[in-house]
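Here you go, one structure.
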Amino acid sequence: MGRAFEYRKATKLKRWGNMARVFTKLGKQITIATRDGGPDPDSNPRLRVLIQQAKKENMPKENVERAIKKATDKDVSDYKEMVYEGYGPFGIAIVVETATDNPTRTVANVRSYFNKHGGSLGTSGSLEFLFDHKCVFKIAQKDGVSLEDLELELIDYGVDEVEEDEGDIILYGEFKSYSDIQSYLEGNGFEIHSAEFERIPNDTKSLNDEQRAQIEKLLEKFEEDDDVQNVFHNME
(Lines give C-alpha, C1' and ligand atoms only; values in the text may rest on other atoms or scores of the structure.)
Protein backbone atom coordinates (compact mmCIF):
# COMPACT_ATOMS: atom_id res chain seq x y z
CA MET A 1 0.00 0.00 0.00
CA GLY A 2 1.21 3.52 -0.76
CA ARG A 3 2.01 6.23 1.76
CA ALA A 4 -0.99 8.40 0.84
CA PHE A 5 -3.40 5.47 1.07
CA GLU A 6 -2.19 4.32 4.48
CA TYR A 7 -2.37 7.85 5.88
CA ARG A 8 -5.85 8.41 4.48
CA LYS A 9 -7.16 5.13 5.91
CA ALA A 10 -5.85 6.04 9.37
CA THR A 11 -7.10 9.62 9.49
CA LYS A 12 -10.52 9.64 7.84
CA LEU A 13 -12.43 12.42 9.54
CA LYS A 14 -14.96 11.49 12.19
CA ARG A 15 -17.36 14.05 10.73
CA TRP A 16 -17.84 11.74 7.74
CA GLY A 17 -19.20 9.13 10.13
CA ASN A 18 -22.03 11.48 11.07
CA MET A 19 -24.70 11.66 8.36
CA ALA A 20 -25.92 15.14 9.31
CA ARG A 21 -22.39 16.52 9.01
CA VAL A 22 -21.84 14.70 5.74
CA PHE A 23 -24.93 16.38 4.28
CA THR A 24 -23.92 19.78 5.68
CA LYS A 25 -20.44 19.53 4.20
CA LEU A 26 -21.62 18.26 0.81
CA GLY A 27 -24.38 20.85 0.70
CA LYS A 28 -21.94 23.69 1.20
CA GLN A 29 -19.59 22.26 -1.45
CA ILE A 30 -22.48 21.94 -3.91
CA THR A 31 -23.52 25.54 -3.25
CA ILE A 32 -19.99 26.86 -3.78
CA ALA A 33 -19.52 24.76 -6.94
CA THR A 34 -22.83 26.10 -8.30
CA ARG A 35 -21.88 29.68 -7.48
CA ASP A 36 -18.53 29.30 -9.23
CA GLY A 37 -19.57 27.24 -12.26
CA GLY A 38 -23.34 27.53 -12.70
CA PRO A 39 -26.29 25.23 -11.86
CA ASP A 40 -26.08 22.95 -14.90
CA PRO A 41 -24.11 19.76 -14.07
CA ASP A 42 -23.49 19.12 -17.79
CA SER A 43 -21.38 22.26 -18.02
CA ASN A 44 -20.06 22.25 -14.44
CA PRO A 45 -17.73 19.26 -13.90
CA ARG A 46 -17.18 19.91 -10.18
CA LEU A 47 -20.92 20.08 -9.53
CA ARG A 48 -21.46 16.94 -11.59
CA VAL A 49 -19.10 14.92 -9.38
CA LEU A 50 -20.55 16.34 -6.16
CA ILE A 51 -24.08 15.35 -7.21
CA GLN A 52 -22.82 11.82 -7.89
CA GLN A 53 -21.14 11.80 -4.49
CA ALA A 54 -24.33 13.03 -2.81
CA LYS A 55 -26.25 10.13 -4.38
CA LYS A 56 -23.62 7.70 -3.12
CA GLU A 57 -24.00 9.12 0.40
CA ASN A 58 -27.82 8.81 0.13
CA MET A 59 -28.26 12.56 0.45
CA PRO A 60 -31.94 13.38 -0.28
CA LYS A 61 -32.57 14.90 -3.70
CA GLU A 62 -34.34 17.89 -2.14
CA ASN A 63 -31.21 18.67 -0.12
CA VAL A 64 -29.15 18.74 -3.32
CA GLU A 65 -31.70 20.95 -5.08
CA ARG A 66 -31.82 23.29 -2.07
CA ALA A 67 -28.03 23.59 -2.05
CA ILE A 68 -28.00 24.45 -5.77
CA LYS A 69 -30.76 27.02 -5.37
CA LYS A 70 -28.98 28.55 -2.39
CA ALA A 71 -26.12 29.61 -4.67
CA THR A 72 -28.24 32.55 -5.85
CA ASP A 73 -28.72 33.86 -2.30
CA LYS A 74 -26.88 37.07 -1.47
CA ASP A 75 -25.38 35.59 1.71
CA VAL A 76 -23.90 32.68 -0.20
CA SER A 77 -22.18 34.98 -2.67
CA ASP A 78 -20.07 36.06 0.29
CA TYR A 79 -18.88 32.53 1.06
CA LYS A 80 -15.10 32.44 1.25
CA GLU A 81 -12.93 29.34 1.31
CA MET A 82 -10.23 30.06 3.88
CA VAL A 83 -7.29 27.89 4.96
CA TYR A 84 -5.75 28.22 8.43
CA GLU A 85 -2.48 26.64 9.50
CA GLY A 86 -0.95 26.12 12.90
CA TYR A 87 0.70 23.79 15.35
CA GLY A 88 -1.01 21.72 18.00
CA PRO A 89 0.77 20.37 21.08
CA PHE A 90 3.97 18.32 20.57
CA GLY A 91 4.71 20.06 17.26
CA ILE A 92 1.86 18.46 15.31
CA ALA A 93 1.16 20.47 12.14
CA ILE A 94 -2.55 21.08 11.45
CA VAL A 95 -4.23 22.55 8.36
CA VAL A 96 -7.87 23.61 8.67
CA GLU A 97 -9.94 24.22 5.52
CA THR A 98 -13.10 26.28 5.98
CA ALA A 99 -15.98 27.71 3.96
CA THR A 100 -17.47 30.71 5.72
CA ASP A 101 -19.61 33.80 5.24
CA ASN A 102 -17.89 35.42 8.24
CA PRO A 103 -14.08 35.03 8.19
CA THR A 104 -13.75 37.18 11.32
CA ARG A 105 -15.86 34.73 13.30
CA THR A 106 -14.15 31.70 11.79
CA VAL A 107 -10.56 32.80 12.41
CA ALA A 108 -11.47 33.77 15.98
CA ASN A 109 -12.91 30.31 16.56
CA VAL A 110 -9.95 28.53 14.97
CA ARG A 111 -7.47 30.60 17.00
CA SER A 112 -9.36 29.89 20.23
CA TYR A 113 -9.34 26.12 19.55
CA PHE A 114 -5.58 26.19 19.05
CA ASN A 115 -4.95 28.36 22.13
CA LYS A 116 -7.22 26.41 24.49
CA HIS A 117 -5.60 23.11 23.58
CA GLY A 118 -1.94 24.11 23.81
CA GLY A 119 -1.36 25.06 20.18
CA SER A 120 -0.97 28.23 18.13
CA LEU A 121 -2.32 29.59 14.86
CA GLY A 122 0.39 30.29 12.29
CA THR A 123 0.63 32.46 9.20
CA SER A 124 -0.91 31.51 5.87
CA GLY A 125 1.36 29.26 3.81
CA SER A 126 3.68 28.46 6.72
CA LEU A 127 2.97 24.71 6.57
CA GLU A 128 2.63 24.18 2.82
CA PHE A 129 6.02 22.49 2.61
CA LEU A 130 4.90 19.78 5.05
CA PHE A 131 1.97 18.52 2.93
CA ASP A 132 1.36 17.37 -0.63
CA HIS A 133 -1.92 18.81 -1.96
CA LYS A 134 -3.63 15.97 -3.85
CA CYS A 135 -6.88 15.30 -5.67
CA VAL A 136 -8.38 11.97 -4.64
CA PHE A 137 -10.92 10.10 -6.76
CA LYS A 138 -12.87 7.08 -5.54
CA ILE A 139 -14.24 5.11 -8.49
CA ALA A 140 -16.02 1.81 -9.09
CA GLN A 141 -14.03 -1.06 -10.54
CA LYS A 142 -14.65 -1.74 -14.21
CA ASP A 143 -14.80 -5.18 -15.81
CA GLY A 144 -11.77 -5.99 -17.91
CA VAL A 145 -9.60 -3.20 -16.48
CA SER A 146 -6.74 -4.17 -14.15
CA LEU A 147 -5.26 -1.90 -11.50
CA GLU A 148 -1.86 -2.04 -13.20
CA ASP A 149 -3.21 -1.13 -16.64
CA LEU A 150 -5.26 1.71 -15.20
CA GLU A 151 -2.28 3.13 -13.33
CA LEU A 152 -0.11 3.04 -16.46
CA GLU A 153 -2.83 4.75 -18.48
CA LEU A 154 -3.42 7.48 -15.90
CA ILE A 155 0.21 8.44 -15.30
CA ASP A 156 -0.02 10.76 -18.30
CA TYR A 157 -3.05 12.47 -16.69
CA GLY A 158 -1.30 13.27 -13.40
CA VAL A 159 -2.17 10.21 -11.28
CA ASP A 160 0.75 9.04 -9.13
CA GLU A 161 -0.84 6.40 -6.91
CA VAL A 162 -3.60 3.81 -7.42
CA GLU A 163 -4.98 1.57 -4.65
CA GLU A 164 -7.86 -0.83 -4.13
CA ASP A 165 -10.18 -0.20 -1.18
CA GLU A 166 -13.14 -2.43 -0.30
CA GLY A 167 -14.02 -3.12 -3.91
CA ASP A 168 -13.47 0.45 -5.11
CA ILE A 169 -10.37 2.08 -6.61
CA ILE A 170 -8.68 5.14 -5.06
CA LEU A 171 -6.69 7.42 -7.37
CA TYR A 172 -4.24 10.06 -6.11
CA GLY A 173 -3.09 12.82 -8.41
CA GLU A 174 -1.56 16.26 -8.41
CA PHE A 175 -3.91 19.04 -7.29
CA LYS A 176 -3.68 20.76 -10.68
CA SER A 177 -4.56 17.52 -12.52
CA TYR A 178 -8.12 17.28 -11.15
CA SER A 179 -9.92 18.27 -14.35
CA ASP A 180 -7.72 16.09 -16.59
CA ILE A 181 -8.32 13.02 -14.41
CA GLN A 182 -12.06 13.67 -14.21
CA SER A 183 -12.28 14.09 -18.00
CA TYR A 184 -10.47 10.79 -18.57
CA LEU A 185 -12.66 8.88 -16.11
CA GLU A 186 -15.91 10.25 -17.51
CA GLY A 187 -14.76 9.81 -21.09
CA ASN A 188 -13.93 6.16 -20.44
CA GLY A 189 -17.13 5.27 -18.62
CA PHE A 190 -15.84 5.00 -15.04
CA GLU A 191 -18.36 5.58 -12.24
CA ILE A 192 -17.00 8.28 -9.90
CA HIS A 193 -18.14 7.83 -6.30
CA SER A 194 -16.31 10.84 -4.90
CA ALA A 195 -13.68 13.40 -5.79
CA GLU A 196 -11.96 15.36 -3.04
CA PHE A 197 -8.86 17.41 -2.34
CA GLU A 198 -6.63 16.20 0.47
CA ARG A 199 -3.36 17.23 2.06
CA ILE A 200 -1.05 14.25 2.62
CA PRO A 201 1.86 14.88 5.05
CA ASN A 202 5.38 14.32 3.73
CA ASP A 203 6.34 12.90 7.11
CA THR A 204 4.42 11.95 10.26
CA LYS A 205 5.16 12.28 13.96
CA SER A 206 4.69 9.45 16.42
CA LEU A 207 3.06 10.22 19.79
CA ASN A 208 2.23 8.17 22.86
CA ASP A 209 -1.39 7.43 23.80
CA GLU A 210 -1.69 10.36 26.23
CA GLN A 211 -0.30 12.82 23.68
CA ARG A 212 -2.55 11.42 20.94
CA ALA A 213 -5.60 11.90 23.16
CA GLN A 214 -4.71 15.56 23.63
CA ILE A 215 -4.39 16.10 19.87
CA GLU A 216 -7.66 14.22 19.26
CA LYS A 217 -9.50 16.66 21.55
CA LEU A 218 -8.23 19.58 19.48
CA LEU A 219 -9.16 17.87 16.20
CA GLU A 220 -12.66 17.18 17.52
CA LYS A 221 -13.17 20.88 18.26
CA PHE A 222 -12.36 21.71 14.65
CA GLU A 223 -14.59 18.94 13.33
CA GLU A 224 -17.55 20.16 15.40
CA ASP A 225 -17.39 23.64 13.82
CA ASP A 226 -19.89 24.05 10.97
CA ASP A 227 -17.51 26.38 9.11
CA VAL A 228 -14.82 23.68 8.96
CA GLN A 229 -14.76 21.52 5.84
CA ASN A 230 -11.58 19.49 6.35
CA VAL A 231 -8.79 19.07 8.88
CA PHE A 232 -5.39 17.58 8.01
CA HIS A 233 -2.45 16.85 10.30
CA ASN A 234 0.85 15.00 10.41
CA MET A 235 0.23 12.84 13.47
CA GLU A 236 1.09 9.22 12.77
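The values are calculated or read from the model by the stated rules, or taken from the named source; none is laboratory data. Just so it is clear, the model here is predicted, and its values are computed rather than measured. What goes into the accessible areas is simple: the full protein's heavy atoms, side chains included, and nothing from ligands, DNA or RNA. Shrake-Rupley method; radii C 1.70, N 1.55, O 1.52, S 1.80 Å.
Among (1) 7, 24, 24, 16, 12, 9, 6, 3, 1, 0; (2) 7, 31, 39, 19, 4, 0; (3) 7, 30, 35, 23, 5, 0, find the value of P(r) over Cα pairs in 10 Å bins from 0, in percent that was calculated from the structure presented, and write down its label.
(3)
What percentage of the solvent-accessible surface of segment 148-236, computed with a 1.4 Å probe over protein heavy atoms, is contributed by carbon and sulfur atoms?
The C+S portion of the solvent-accessible surface of segment 148-236 is 39 percent.
Moving to a separate point now. From the phi of every residue in segment 45-58, what ³J(HN,Hα) in whole Hz does the Karplus formula 6.51 cos²θ - 1.76 cosθ + 1.60 yield, where θ is phi - 60° and glycine or proline is x?
Computed from phi, the couplings for segment 45-58 are x, 5, 5, 4, 5, 5, 5, 4, 5, 4, 4, 5, 8, 6 Hz.
For segment 124-231, what is the per residue volume of the convex hull drawn over the alpha-carbon atoms, in cubic angstrom? Please report the intermediate quantities before stating the final value.
Values: hull volume 16.5 nm³, N = 108.
Here the figure is 152 Å³ per residue.
Which residue, Pro45, Pro89, Pro60, has the most motion in a Gaussian network model of the chain that connects Cα atoms within less than 10 Å?
Highest fluctuation of the listed residues: Pro60.
Show me, for segment 226-234, the HN-Hα J-couplings you get by feeding each phi into the Karplus relation (A = 6.51, B = -1.76, C = 1.60, θ = phi - 60°), rounded to Hz, glycine and proline as x.
Karplus values, whole Hz, x for Gly and Pro: 5, 6, 7, 9, 8, 10, 10, 8, 10.
Moving on to the next point. Would you mind working out the accessible area per residue for the chain, using a 1.4 Å probe, and quoting it in Å²?
Value for the chain: 51 Å² per residue.
Give the relative contact order (percent, whole number) for segment 33-129; include only Cα pairs under 8 Å separated by 6+ residues.
Reported as a whole number, the value is 22 percent.
What residues qualify as long-range amide H neighbours of Asn234, i.e. H under 5 Å apart, gap of 5 or more or another chain, H built at 1.01 Å from N?
Ala93
If you build the Cα gyration tensor of segment 43-182 and take the root of 5 times each eigenvalue, what three semi-axes come out, in whole angstrom, biggest first?
Rounded to whole Å, the semi-axes are 32, 24, 14.
Non-local amide H neighbours of Gln229 (under 5 Å, H modeled in plane, Pro and chain starts lacking H): which ones?
Result for Gln229 returns Glu97, Thr98, Ala99.
Also, quick follow-up: Can you give the relative contact order of the chain as a percent, counting alpha carbon pairs under 8 Å and 6+ residues apart?
With pairs under 8 Å counted, the relative contact order is 23 percent.
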